[in-house]
Structure formats: C-alpha cells, structure tokens
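Report on one structure; see the data block that follows.
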Amino acid sequence: MTVTQMRKAEFNGGADRFLFDNAPTPIWLEDWTAVEAFCEARKAEGVEDIDALLATDEDLVRQVAGSIIVKAVNQAAVDFVQGPSEEALLGNLPAQLMTEGSLISLRKQIKAVFARRTSEQHEVAGADFGAQALDAQLNWVAPIADGQPDYANVLVMFWDLKDHKAAQRAMQEQVDVLETLLDMSRGIASTFDIELILKLLAETSIALTGASGATITLFDTGERKIIRQVVSGDGPIDPAPRDFGMIESGPAGWAIANRKTLRIDDLGQRGHWTVPAAMEARLRGHPLLIAPIIDDAVVGTVMIVGAQRTTFAPAHEAIARMIANQAAVAIRNAGLYEEMRSSHAAAQAAHDELKHTQTQLLAAQKMEAIGSLAAGIAHEINTPIQFVSDNVTFIRDGIETLAEFARLHLEILSEIPADTHLGEQVAAARRRWTEKDCDFLLEEIPDAIAETLEGATRVTDIVRAMKEFAHPGYEEPSPTDINRVVETTVQVSRNEWKYVADIELDLDDELPEVPALPGPLGQSLLIMIVNSAQAIGGQRRNGKGAIRISTRHVGDTVEICVTDDGPGIPPDILDRIFEPFFTTKEIGKGSGQGLSIAHSMVVDKHNGQIWAENRYPGAMIVMHLPVKQPGKTAD
C-alpha cells in the first residue's frame, strides 16, 4: 500500500483500510500543512536555523506540534501508546503525547519540514508515549505530489526497540559472566597456592554477585580453630572471631551444621543463631550469603556481603555454592599437592597424576560453562535475527512491488504529449526523477537488500553452529558424522583464524559414521585449529597463511588431518608436544594443556591415535579414529 493510496480517510473503503488497520507496525496518517505554513513564515522572517529557534522555546514546539492533525491511526498505534483510545488520538495531536521525551523527536520532524525533506528517521530514546517511556525507532515519510512534498499526508511509523535492546543487554551480561568464569578457571589452573586460589575465588564471588565484600574462612572442626582467612572487597567484612564457639553459635554455625547455603536479607532479622554485637554493628542492613565449604567434612565457609539496602537473588545463592565447591576442590588439590612434595618417587608419580586429573577437570568445567553460556547467547541472538530477516524479506517484496508500479507509471507518463500543459509537468517530474537518481536506486536497492539477507543467513548459520558446538553430547560414543563435526568447529572458531589464515576443507563425502563423542572431538579439533592459527600469526609474512583440513576413510579408521604452512615444529620437541603442561610459548601465554587434552580425547576417549609431522613449510597433526570401537559390533 502506497502513501497516495492512504490519503483519503475512507482508504477506498476496503482492502487498503484492512491493510492499514492490520499492519503490525504502529502507523499514524497526519496532516502537517499547518507546520509547513509555520516554517514558510519563519523563512520569510529570515530564520535560517529553525532548530535553534525551537531549542530555546519549548512552548513554541508544543504550539507547532499541536497544529498537527492526526487523520488516522491503526490498531498497532493504539496498542503502542498504551493509553488513549483511537478516537482520542484523532484530530489535533494530543497534548499528553507531547512530553519532554517526545519533544526532541518532534523538533527533528519540524526541522525536516523546514528543510523541505520528505523523510526523517531517528531513534527516540525514553520518549513518553501514554502510559510508559519507550525506546523506539521513528520513520517519518511525506509523499511526493506534483514534484513537491505532500505534507497533508505524512506517515509516521514506530518500531519498539525494547525487546531488541533487552536481548543485547542479556547477551552482554552472559558474555561478562563467561569471561569472569574463564578468568577464574585460568587462575585456578595456573597455581596450587591455596592463598592465591582463595583470593581469586573471593574476588570472583564479588564480581558475579555485585557484592561489596567477601570472606573465605578455613578451619579445623576437630581442633576447633581457624586455619586461614582470605578477605576481599571494599565493604564491611566480618573477620573470623578468635573464639571458635562464636562461629558455631552464629549464622556461619547454622550453615555448617545444616550443610546448606544461608541467605540473610538483613542481619538485624533474628534467626536460629546468636549474632555478636560487634558483628551486628558492622553488618546491620547488609544482606549476607554464607555457604559451607564441604570436602567430606565441613572445612570452611564462604561469606559474601552485599551493599546496604540490597538483596541477593536465588541465582546468587547458586554462585555462592559454586565458589564453595571450587574452594573445596582447590583445598583437596592443594592437600594432595603438599602430600606429593613430601615424598620422592611415589610423590612424583602422584604429582603427575594430579596435574593430569586437574587438567581434565578444568577442561570439563570450561566446556560446560562455555556450552551453557554459548547456547544461551545463541538463543538470544536467534530471535532478533529472525525478525530482522523476516522484516528485510517483507521490505524486499514491498520494494519490488513499488518498483513495478514506478516503472508502470513511467510507461504511462511517456505516452503524454510533451507540448501540453500536463506534458510540461511530466517533464518536470522526469527531471526530478533524474536529479534524485531514481533509476540507480531501483537498480541498487534490491542488491543491498539481498546482501542484507545474505548477512542475516550468515548469522543464522553461526548461531546454528554455536548451538551444535555447545551441545553437551553423550556420555557414551554414538554414531557421528565426522565431516559435520569438522564444519561446525571451523564455523565456531572462525574468529581465531580469519585474520591470519584461510581454511580449505577437503572432506570425503563417502565417510562412514564413527562411534564418537562429538563434544570432546570438536574440542580436540578446535585446539588444533587455534594452534595452527597462532603459529601462522606469530610469523612475519606477507598475506595470510593456509590451514587445510581433510578427512579420509583409511582401512578400519577415519583419518582427520590438520595441516598448516606455519613455521613447523622444532624436531627436538616433536615427541613432547602432547605432554601435559609442555609449551613453547611465553609465560602467561600458554598453559601446555591444549594438545595434551586433544591427545587424551583421541586416545583415551576414542581408542584412536594422534601424532604430528613436519611438512616443510608447516606442520601436520593426524588423528585416526576406529570405525568400530573394541568390543562393539555394528548394529
């Protein structure tokens, strides 16, 4: 439906009115001729900057805006303002819509009339439309009539941006949580110093809950004494009392005795515990979370202190439990580490086993956290990109229809003789058409829309790959399409290699399914792709490098090869690259766990083989996965 078709109040009495009323977008049909007259009068007075005039006189803006006549609104517009009825919106623009938040937008629209423009588009942030303040996208359009803007039939359309911005905020919050968890995991993996680990856990608890302080206390319940206490944050912290009996009778004692996380909104509220006067004086008005650290027995507590007049949510209780669990794991691992150091040969073997176990545990925790958050991010992206794609498709179809009608009108106009009065108007319209380069627009707009749809499809593919990569998978091997695992991993890892290398896939279409764990296998392949990209990126070279991934059916196995044209692997360390914690990177840039994890996934989880070769230039890592697992028969 064109603007011209909506000029009459009756909308031709049928289909056009139906389309207007049922459009999902809020639409106002307005008469701005009085605003046009105001602008022309100001020009006659010598006013050159109408916005400067309006900016200093809010009453003038209200007066000019009050001359706007609302001719028609659709149901979506009535719902959008959430207040006045349709009848109340017709006639002069209602004063209740001319609030402080919307006056800025009205000034921009008046400025467009002053400049004789036919369109204006901007974001209206926090404008008050009836019952609530909204963030919206405004499109203001005046049709062309006889070569001039027709301000008697202005269309004003709004798109509510609330859901879009909420999705952006939710996605950023999840990314922030992911980064915090990854930083915590990296910190725990880098040391066995219990003091540093507890400090990191206390800081992480503050970051994830928005608290003002945190205390982690370790004690020996058998001997009833405090062993260690770590304090972090700027808020009021409750130091451990010297008398262990005070711990047992206080809120921490309740959490210890019941082995449950305790949430207190205000320490002034009494419970089944005794609060020392000094503690109550420091923490009154502050919410508390107290989680017991349990390693067979209760060995300590995590206390998180919120700011005054705030509360903790149930999700914060889960965070406190996670911190306590991590502290228990750290305490257990630190204890084992100290036991290892007390012996020689036996201690060395136990030491290696602990590191290997810790590597696997941390890898599992990271993948679980990444999987959960990536799935959430993919879900948040999927909804807005879907309506973006649908709306662009609608715009494409509408543009094609408008273009068809435009060309039809041009053909009709070409039949009008040039030596008539109407012919002169046609010639003027044609000159206007040429000045605005409308032929170019009709030719290029469909291409721009096609590129936009291609971009939306690209985002959809990435979201689908994120969901597949983040899937928790199965505890037992299941028939797996290896080529699909390769394609998904390449898609997910694109940001790691796209700036330094191009990836070529050479995949065997006749590849049989392999009993495998898609998640661990994808993680192993991801490690190899990232290593190749980092090796290439560390070189001084002209242009990008190349990474080639191929799959083949070789005997009773499926072969996966990852080859790059980087610097290769020094021959003297070629046999050591799969050892746990072995790395050639600088301190702080590599943990030496990546290829060790990949080796464990391929050999231990899949009964396969993995090795590395130099290719001059570059290196190649080869994986062989059995088509049938030992002891398994084909179905």
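The values are calculated or read from the model by the stated rules, or taken from the named source; none is laboratory data. Because the structure is a prediction, the values reported are computed rather than measured. Using ideal geometry, Cβ is built from the backbone for each residue, glycine included, and neighbour counts are taken over all protein chains shown. Accessible surface is based on the protein model in full, side chains and every heavy atom, while ligands, DNA and RNA are left aside. Shrake-Rupley method; radii C 1.70, N 1.55, O 1.52, S 1.80 Å.
At a glance:
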item: Every residue from the stretch 53-87 that is hydrophobic (A, V, I, L, M, F, W, C), assigned to a helix (DSSP H, G or I) and open to solvent by less than 50 Å² (accessible area, probe 1.4 Å); result: L54, L60, V61, V64, A65, A76, A77, V78, F80, V81
item: Residues being of a type in the set (A, V, I, L, M) and over 30 Å from the mean Cα position of the chain (by Cα) - total across the stretch 286-320; result: 10
item: Enumeration of residues in the stretch 248-285 that are under 36 Å from the mean Cα position of the chain (by Cα) and either at pLDDT below 85 or among the β-branched types (V, I, T) (or both); result: T261, I264, D265, D266, G285
item: Members of the stretch 19-52 that are over 42 Å from the mean Cα position of the chain (by Cα), charged (D, E, K, R) and in a helix (DSSP H, G or I); result: E36, E40, R42, K43
item: Among the candidates A136, A152, residue that is among the aliphatic types (A, V, I, L, M) and crowded, with 20+ Cβ neighbours inside 10 Å; result: A136
item: Residue match in the stretch 291-309 (condition: touching a Pro at 6+ places or on another chain (Cβ under 9 Å) and more than 22 Å from S212 (Cα to Cα)); result: yes
item: Subset tally (residues that are open to solvent by less than 10 Å² (accessible area, probe 1.4 Å) and over 20 Å from L283 (Cβ atoms)) for the stretch 206-217; result: 0
item: Residue in the stretch 480-521 that is farthest from Q539 (Cα to Cα), counting only those that are of a type in the set (S, T, Y) and surrounded by 17 or more Cβ atoms within 10 Å (Cβ to Cβ); result: T480
item: Residues of the stretch 98-122 satisfying the condition of being open to solvent by less than 20 Å² (accessible area, probe 1.4 Å), of a type in the set (A, V, I, L, M) and farther than 15 Å from E58 by Cβ; result: A112, V113
item: Matching residues, the stretch 34-52, being touching a residue at least 24 places away in the same chain (Cβ under 8 Å), of a type in the set (V, I, T) and surrounded by fewer than 17 Cβ atoms within 10 Å (Cβ to Cβ); result: none
item: Unmet criterion (only one of (1) surrounded by 14 or more Cβ atoms within 10 Å (Cβ to Cβ); (2) in contact with a Pro (Cβ under 8 Å, 6 or more places away or on another chain)) for A429; result: (2)
item: Per-region count, the stretch 267-326, residues part of a strand (DSSP E or B) and loosely packed, with under 14 Cβ neighbours inside 10 Å; result: 1
item: Breaking point among (1) surrounded by fewer than 12 Cβ atoms within 10 Å (Cβ to Cβ); (2) β-branched (V, I, T); (3) at pLDDT 75 or above, for T420; result: (3)
item: Matching residues in the stretch 321-342 - criterion: being at pLDDT 85 or above and either over 21 Å from D220 (Cα atoms) or aromatic (F, W, Y) (or both); result: M322
item: Breaking point among (1) loosely packed, with under 15 Cβ neighbours inside 10 Å; (2) modelled with pLDDT of 80 or more; (3) charged (D, E, K, R), for E10; result: (2)
item: Residue check, A170 touching a Phe, Trp or Tyr at 6+ places or on another chain (Cβ under 9 Å), in contact (Cβ under 8 Å) with a residue 40 or more places away in the chain and open to solvent by less than 80 Å² (accessible area, probe 1.4 Å); result: no
item: Yes/no for D604 being modelled with pLDDT of 80 or more, among the charged types (D, E, K, R) and touching a strand residue (DSSP E or B) at 6+ places or on another chain (Cβ under 8 Å); result: no
item: Number of the exception - A456 against (1) over 23 Å from V554 (Cα atoms); (2) hydrophobic (A, V, I, L, M, F, W, C); (3) modelled with pLDDT of 80 or more; (4) open to solvent by less than 40 Å² (accessible area, probe 1.4 Å); result: (3)
item: Residue within the stretch 38-58 that is among the hydroxyl-bearing types (S, T, Y), modelled with pLDDT under 90 and closer than 12 Å to N153 by Cβ present; result: no
